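Below is one structure, written out as C-alpha cells; comments come after it.
All of the numbers you see were taken from the coordinates with simple rules; none came from a lab. Bear in mind the structure is a predicted one, so any value in this text is a computation, not a measurement. Quick reminder, even Gly has a Cβ in these numbers, built from the backbone with ideal geometry, and neighbours come from all protein chains shown.
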Ligand code: CMC
C-alpha cells in the first residue's frame, strides 16, 4: 500500500490532522482514521458503511460502476464459464488456482468430511416440520461446534484447516437434511462418487426406494450459481462473520451468524421474494399495474430482483445467469410456464422502460437464480439456503484471512450518542 496524506481541520480549530491515505491495487483510496479519536476527540460517522472500508482484503474485487466482480483477480464470467465450484473454493481459500494434484487432494478431502454426525438427526427432529429451513440451517450450523471439538482452536493452523474443510463439506448435507425433514422424507446420505453439486441435488431429490439420476444440465446450472454466489467482499453477512469472529468466537458459530444475516430480504432473502412477487402478479395482464406500483413514490412496492446497492451497471453475475436461466428453461421444456413467462416479460419491460434505465435498475443475480430454482422444482423457502451453501466458502475464506492477519483486532464500532444527558433517579412513588 502506498501512502498519501489527507489534512482534516475540525471547526475553527487551528490544528490540522494529517491522515494517511492508502491505495489498494485497484479501487478507491482509503483514509486511515484509526488515530483520529486520540488526536482530535472526534469519531467518524458512517451508518450503513457508505464510505467505510472495514478491513483490507486480497480475496474479492468489485467495481459497481463498471459491473466488475473478480475473485483473486479472476473475472467472474471467465470463472463461471471455465472453472467449477470446487476449484473456485480452493482459489478463494488459498489465493491461487490449484494444480492437478492439489485439486484432486482438495476434492477428496472435502468429500471425506461430507457426512454429518449421526446424532445431528435428533437435533433436526426437534424442529417443528413447518420451520423455515434457514432457521434450521442457522441452528444446525452452530451445533457443529458441539460435535467437532478437535477443530475449535482458531490459533492452530491445522485445526483452522479442518474447520474450513468441514464447513465447506457439510453445508450441502445440512441443507438437504433441512429440506427432507420439512417434507417428512428420509435423509439421503452423501454420495462421494458424485461431484459436489450433483451430490447436493442427489441428497435433495433422491429417495431410498428408487434410483435418481442427476440431470447434467441442471447440475451444471447449480454449479454456476454456486460460483457466482461464492463471495461478494464485505457484504452484510460477511461483515457479520468477520465481526463475530473478531472476538475469537468459534468458526461454526460465526458462520451461523452469517446465515442469520443472509436470511434478510434485502440480502440473500431476495431470491425468495422474487418468486413470491411473481406469484402475486399471477398473470401477464397484471404486469402493467405492478410496474405502475413500482414507479409510484407513495407505494412501498419495489420490483424484487431489480437494482443493487453496489452495481449501478449490469450485475455481472446476472449477465451469466441470464443465459443459464434460458438454457435451464429450455432443458425442462418450461418456456410456457406462466410464472416464468411473467418473469421474462418483466425482464423485457424493465430493460426498456425509462424509469428503470434512468435509475440503472437492472435485473440482479437473485432475479435469475430464483427463476432457475423454481424451474428445477426447488421450493422457494429453500432458495436462501442454497445461497448459504455457496457463500459458506466466502465466509470461511474471509474469516481465515482475518484470523491470519497480524493486525487483527476485535471489531468495536463507536456511536454518535443522541440520548439523554445525566438524569437523577426518581423513586417510583414520585414518578408522574
Ligand atoms: N423497484 C422499483 N424502484 C426501485 C427499485 C426496485 N427494485 N430499487 C430501487 N428503486 C428506485 C428507488 O425508488 C429510487 O428512486 P428515486 O431515485 O426516484 O427515489 C432509486 O431507484 C434508487 O433506490 P435506492 O433505494 O436509493 O437504491 P439502493 O442502492 O439503496 O437499493 C436495493 C438497492 C437492492 C436495496 C434496491 O434496489 C431494492 O430494494 N431492490 C429490490 C430487492 C432486491 O432485489 N435485493 C437483492 C439485491 S442483490 C443480492 C445481494 O447481493 O445480496
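For the chain, set up a GNM with springs between Cα atoms under 10 Å and report which of 325, 42, 55 has the largest fluctuation.
42
Give the angle, between 0 and 90 degrees and rounded to the nearest 10, that separates the Cα long axis of helix 270-281 from the longest principal axis of the Cα atoms of the chain.
So the inclination is approximately 60 degrees.
Measure off 7 Å from each Cα along the Cα-to-Cβ vector at residue 13 and residue 94, then give the distance between these two points in nanometres to one decimal.
4.9 nm
Normalised by the number of residues in the range 334-385, what is the relative contact order in percent for Cα pairs under 8 Å and 6+ residues apart? Numbers along the way, then the final one.
Details: 20 pairs, mean separation 12.6, N = 52.
Result for the range 334-385 is 24 percent.
Semi-axes, largest first, in whole Å: what does sqrt of 5 times each Cα gyration tensor eigenvalue give for the range 276-432?
Details: eigenvalues 331, 138, 59 Å².
Ellipsoid semi-axes (Å, largest first): 41, 26, 17.
On a 0 to 90 degree scale, rounded to 10, what angle separates helix 85-94 from the longest Cα axis of the chain?
Value to nearest ten degrees: 30.
To the nearest 10 degrees, how steeply does helix 157-182 sit against the main Cα axis of the chain, on a 0 to 90 scale?
Long axis of 157-182 versus the principal axis of the chain: about 50 degrees.
Pulled fully out, how much extra length does the chain show between residue 351 and residue 157, if you take 0.36 nm times their separation in residues and subtract their Cα-Cα distance?
Details: separation 194, 0.36 × 194 = 69.84 nm, distance 4.88 nm.
Between residue 351 and residue 157, full extension yields 65.0 nm more.
Residue 283 to residue 323: FRET efficiency via 1/(1 + (r/R0)^6), r the Cβ-Cβ distance, R0 25 Å, to the nearest 0.05? Let's see the in-between values first.
On the way: r = 27 Å, r/R0 = 1.07.
Given R0 = 25 Å and the Cβ-Cβ separation, E is 0.40.
Can you figure out the FRET efficiency of residue 147 with residue 313, using R₀ = 45 Å and their beta-carbon distance, to the nearest 0.05? All intermediate terms of the calculation are to be shown ahead of the outcome.
On the way: r = 44 Å, r/R0 = 0.98.
Efficiency for this residue pair is about 0.50.
With an 8 Å cut-off on Cα pairs and a minimum separation of 6 or more residues, tell me the relative contact order of the range 185-297 in percent. Mind dumping the intermediate values first?
On the way: 60 pairs, mean separation 15.4, N = 113.
With pairs under 8 Å counted, the relative contact order is 14 percent.
Cut-off 10 angstrom, C-alpha nodes, Gaussian network model of the chain. Which of 192, 289, 235 fluctuates the most?
Its mean-square fluctuation being the largest, the pick is 289.
Gain in length, residue 30 to residue 5, computed as 0.36 nm per residue apart minus the alpha-carbon separation, to one decimal in nm? Display every interim value, and only then the final one.
On the way: separation 25, 0.36 × 25 = 9.00 nm, distance 1.04 nm.
Residue separation times 0.36 nm, minus the Cα-Cα distance, leaves 8.0 nm.
Would you mind listing how long the chain runs along its three principal axes, going by Cα atoms, in whole Å with the largest first?
Principal extents (largest minus smallest coordinate, Cα): 78, 64, 57 Å.
May I ask for log10 I(q)/I(0) of the range 61-118 at q = 0.28 Å⁻¹, from a Debye sum over the Cα atoms as equal point scatterers with solvent left out?
-1.14
Rounded, prolate or oblate: which one fits the range 280-344, using the alpha carbon gyration tensor with axes a ≥ b ≥ c (rounded when a/c is under 1.5, else prolate when a/b beats b/c, else oblate)? Write down the numbers at each step before the final one.
Numbers: a/c = 3.76, a/b = 1.22, b/c = 3.09.
Oblate shape, in that a/c is at least 1.5 and b/c is the bigger or equal ratio.
On full extension of the chain, what length is gained from residue 44 through residue 209, given 0.36 nm per residue of separation minus the C-alpha to C-alpha distance? Walk me through the numbers on the way to the answer.
Numbers: separation 165, 0.36 × 165 = 59.40 nm, distance 6.15 nm.
Contour length minus Cα-Cα distance gives 53.3 nm.
Mind checking the alpha-carbon convex hull of the range 188-238 and giving the volume per residue in Å³? Don't skip to the answer; put the middle values down first.
Working: hull volume 4.9 nm³, N = 51.
Dividing the Cα hull volume of the range 188-238 by its residues yields 96 Å³.
In whole percent, what relative contact order does the chain give with Cα contacts below 8 Å and a gap of six or more residues? Intermediate results must be reported in sequence, preceding the final value.
Numbers: 572 pairs, mean separation 81.1, N = 432.
About 19 percent, as a whole number.
To two decimal places, what compactness ratio does the range 36-152 give when its Cα radius of gyration is scaled by 2.2 N^0.38 Å?
Details: Rg = 20.7 Å, N = 117, 2.2 N^0.38 = 13.4 Å.
Output field value: 1.54.
Report, as a whole number in µm² per second, the diffusion coefficient that Stokes-Einstein gives for the range 248-359 at 37 °C and 0.692 mPa s using the Kirkwood radius over alpha carbon pairs.
Working: Rh = 16.1 Å.
The estimated diffusion coefficient comes to 204 µm²/s.
When a footprinting reagent is the concern and you count Cβ atoms within 10 Å, what order do 180, 407, 9, 295 take, fewest first?
On the way: 180 19, 407 7, 9 11, 295 15.
By the 10 Å Cβ count, ascending, the order reads 407, 9, 295, 180.
Using all alpha carbons of the range 103-229, what is the percent of pairwise distances in each 10 Å bin, ordered from the shortest bin to the longest?
So the P(r) values, bin by bin, are 12, 40, 37, 11, 1.
For the range 154-292, what is the largest minus smallest coordinate of the Cα atoms on each principal axis, given in angstrom and ordered from greatest to least?
60, 43, 28
Nearest 0.05, what FRET efficiency do residue 295 and residue 109 give at R0 = 60 Å with Cβ-Cβ as r? Mind showing how you got there, number by number?
Details: r = 52 Å, r/R0 = 0.86.
Efficiency, rounded to the nearest 0.05: 0.70.
Alpha carbons only, please: Rg and Dmax for the range 29-105, in angstrom.
Looking at the range 29-105, its Cα Rg and Dmax stand at 18.0, 55 Å.
Less than 16 Å from a label point 7 Å out along the Cα-to-Cβ axis of residue 121: which backbone N atoms in the range 159-193 qualify, by residue?
Residues passing the 16 Å test: 173-191.
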